[in-house]
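To start, the structure under review is shown below, and the notes come after it.
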Amino acid sequence: MANGSHDVHLNLNVRGLPVSATLGINEESNRLLAQGRTIYKLGLGQSPFPVPDPVVRELQNNAHQKDYLPVRGLPALCDAVAGYYWRTQSLPISADNVLIGPGSKELMFLLQLVYYGDLVIPTPSWVSYAPQAHIVGRHVYWLETDEQNNWLLMPEELEKLCQADPDRPRIVILNYPNNPTGCTYSADQLEALATVARRNRVILLADEIYGELTFSGTHRSIAHYYPEGTIIASGLSKWAGAGGWRLGTFAFPAELKWLLEAMAAVASETFTATSAPIQYAAVRAFQGGAKIESYLCHSRRILKSLTRWGHARLTRAGVNVARPDGAFYMLPDFESLRSRLEQRGISHSAELCRKLLQDTGVAMLPGSSFGRPDRELTARIALVDFDGARALSAAEQQACDQPLPENFLPLYCERVVEALEQLCEWLE
């Protein structure tokens, strides 16, 4: 049988599904690097920082762990995750209501698989939420946000959708600090959204994987205001620099224990259990301590300085961009430069990113990959192409509450600085 004819046997929900945009841009960047091109990798949102030393040592100490662990997760890790939420946010999560998976991405997929309901996503959003729903065959509803509100979901938008069909089951994903914008919600904004969610009996999936990278160090979960209907997603990939370790966590309220049990049943027939050595090491990560707190403080300090500089530089070049509150992303809007860009044959975000990569070697992702309209000239920049271990070592030479030296970014985040300078000069 010819290769092309195999397509007829693909599930309709999978046929034509491309590789995840973030992974795709990373592979393309690596291909160009192999050709000898100078490439600035601002596409894939991978933490630049190393895994904290105490966690690495714990992995080394547990490399011999070879047994299958419980489907729901190593009990000591579930205890550590529950303890983490109590220690950092005074959230009374029970260890029995924690589920461990090979990345929060996999857990999100299982949630959509077992819960029969629509997926509601504010736009812009992370690239994999909607494709996962498409694979499972769920309806996706995009909720519009406004740049004037820092791309955050407003309660009235959620209320409008829910009231259009009040009895329809829904999962609403709330990601903050947000990928791709870096913006987050205030306590008042979270409380207002929680009120709407409770009134309409929606399930909230609070994707708080970047919570520890909130620059103020005071991330607050919406679970404080809607505990009975909120599932908190996190993991090691962003705040602990361990994306390749593939460990994610879901924390459920007692009222949604039935969802945890359904997900665990499917997990038992699919991934069986998360890697044993990684789970043992993760216990140390979630237990925290002085060394990990110092690691987080300096990570936040570097990222805040870098995003503040990037925001100012893009603004000076005439680009509109919401100022990030956390993580390592920005979503610049180039609409103000449309006439200039259209003279160069650029009329939508994919063309913008393709031409920029071709001309300057700066790789970033179009806003259309994050649910924005094709013709909107937005793009996501991941400020991660620097040696995080070297930057951390330099930052640790000063107290964490002190500002970084003026020459810190050019010295230790030089590739990101150079990339944004290249971008701004290209725009001019």
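The values are calculated or read from the model by the stated rules, or taken from the named source; none is laboratory data. Bear in mind the structure is a predicted one, so any value in this text is a computation, not a measurement. Reconstructed Cβ throughout: ideal geometry from the backbone, glycine too, with neighbour counts over all protein chains shown.
Somewhere in segment 278-290, is a residue of a type in the set (S, T, N, Q) and closer than 15 Å to THR249 by Cβ?
yes
Just one of (1) at pLDDT below 95; (2) closer than 22 Å to PRO124 by Cα trips up ARG344, so point out which.
(2)
Name the residues in segment 368-397 that are aliphatic (A, V, I, L, M) and crowded, with 20+ Cβ neighbours inside 10 Å, would you?
LEU377, ALA379, ILE381, ALA382, LEU383, VAL384, ALA391, LEU392, ALA395
Looking only at segment 90-103, count every residue that is buried (at least 18 other Cβ atoms within 10 Å of the Cβ) and farther than 24 Å from ARG201 by Cα and tell me the total.
So the count comes out to 4.
Would you point out which residue out of VAL196, VAL266 is surrounded by fewer than 20 Cβ atoms within 10 Å (Cβ to Cβ), of a type outside the set (Gly, Ala, Ser) and part of a helix (DSSP H, G or I)?
Of the residues listed, the single one that is surrounded by fewer than 20 Cβ atoms within 10 Å (Cβ to Cβ), of a type outside the set (Gly, Ala, Ser) and part of a helix (DSSP H, G or I) is VAL266.
Return the residues of segment 398-417 that are outside any helix (DSSP H, G or I) and surrounded by 13 or more Cβ atoms within 10 Å (Cβ to Cβ); say none if nothing qualifies.
Matches in segment 398-417: GLN398, CYS400, LEU404, PRO405, CYS413.
Quick one: would you say SER368 is under 28 Å from GLU208 (Cα atoms), of a type in the set (Ser, Thr, Tyr), not assigned by TED's automatic domain parsing to the domain that holds THR123 and not in a loop (DSSP other than H, G, I, E, B)?
yes
Specify the residue that is surrounded by the most Cβ atoms within 10 Å (Cβ to Cβ); the eligible residues are those in segment 104-150 that are of a type in the set (Asp, Glu) and either without any contact (Cβ under 8 Å) to a residue 24 or more places away in the chain or not in a strand (DSSP E or B) (or both).
Among those that are of a type in the set (Asp, Glu) and either without any contact (Cβ under 8 Å) to a residue 24 or more places away in the chain or not in a strand (DSSP E or B) (or both), it is GLU106.
Step by step: first the residues of segment 269-287, then only those that are closer than 26 Å to ARG220 by Cβ and touching a Leu at 6+ places or on another chain (Cβ under 9 Å), then the one that is surrounded by the most Cβ atoms within 10 Å (Cβ to Cβ). Which residue is that?
The selected residue is ALA282.
For the structure I just gave you, tell me whether ASP188 is without any contact (Cβ under 8 Å) to a residue 12 or more places away in the chain and not in a helix (DSSP H, G or I).
So ASP188 fails the test.
Out of the residues in segment 324-367 that are out of contact with any Leu (no Cβ under 7 Å at 6 or more places or on another chain) and among the basic types (Lys, Arg), which is surrounded by the most Cβ atoms within 10 Å (Cβ to Cβ)?
Only one residue fits best here, namely LYS355.
Take the residues of segment 160-185 that are in contact (Cβ under 8 Å) with a residue 24 or more places away in the chain and in a helix (DSSP H, G or I): which is surrounded by the fewest Cβ atoms within 10 Å (Cβ to Cβ)?
GLN163
If we keep just the residues of segment 1-55 that are at pLDDT 55 or above, closer than 20 Å to ALA130 by Cα and hydrophobic (A, V, I, L, M, F, W, C), which is surrounded by the fewest Cβ atoms within 10 Å (Cβ to Cβ)?
Ranking the qualifying residues of segment 1-55, first place goes to LEU23.
Table: residues versus (1) part of a strand (DSSP E or B); (2) in the same structural domain as ILE173 (by TED's automatic domain parsing); (3) crowded, with 21+ Cβ neighbours inside 10 Å.
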site	(1), (2), (3)
ALA192	no, yes, no
ARG201	no, yes, no
ILE209	no, yes, yes
SER234	yes, yes, yes
ALA240	no, yes, yes
PHE250	yes, yes, yes
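Within the group ARG308, ARG284, which residue is assigned by TED's automatic domain parsing to the domain that holds LEU383, part of a helix (DSSP H, G or I) and among the charged types (D, E, K, R)?
After applying the criteria, what remains is ARG308.
Which one of ASP207, ASP118 is among the acidic types (Asp, Glu) and over 28 Å from PRO332 (Cα atoms)?
ASP118
Scan segment 287-301 for residues that are part of a helix (DSSP H, G or I) and touching a residue at least 24 places away in the same chain (Cβ under 8 Å) and jot them down.
Correct list: GLN287, LYS291, ILE292, SER294, TYR295, LEU296, CYS297, HIS298, SER299, ARG300, ARG301.
Answer with yes or no whether ASP96 is assigned by TED's automatic domain parsing to the domain that holds ASP207, out of contact with any Gly (no Cβ under 8 Å at 6 or more places or on another chain), not hydroxyl-bearing (Ser, Thr, Tyr) and not in a loop (DSSP other than H, G, I, E, B).
Considered against the rule, which asks whether it is assigned by TED's automatic domain parsing to the domain that holds ASP207, out of contact with any Gly (no Cβ under 8 Å at 6 or more places or on another chain), not hydroxyl-bearing (Ser, Thr, Tyr) and not in a loop (DSSP other than H, G, I, E, B), ASP96 comes out as yes.
Tell me, yes or no, whether segment 365-372 has at least one residue that is closer than 13 Å to LYS41 by Cβ and in contact (Cβ under 8 Å) with a residue 12 or more places away in the chain.
yes
Could you tell me whether LEU153 is in contact with a Ser or Thr (Cβ under 8 Å, 6 or more places away or on another chain), outside any helix (DSSP H, G or I) and surrounded by fewer than 22 Cβ atoms within 10 Å (Cβ to Cβ)?
no
If we keep just the residues of segment 288-319 that are under 22 Å from LEU377 (Cα atoms) and buried (at least 16 other Cβ atoms within 10 Å of the Cβ), which is nearest to the chain's Cα centre (by Cα)?
That would be THR307.
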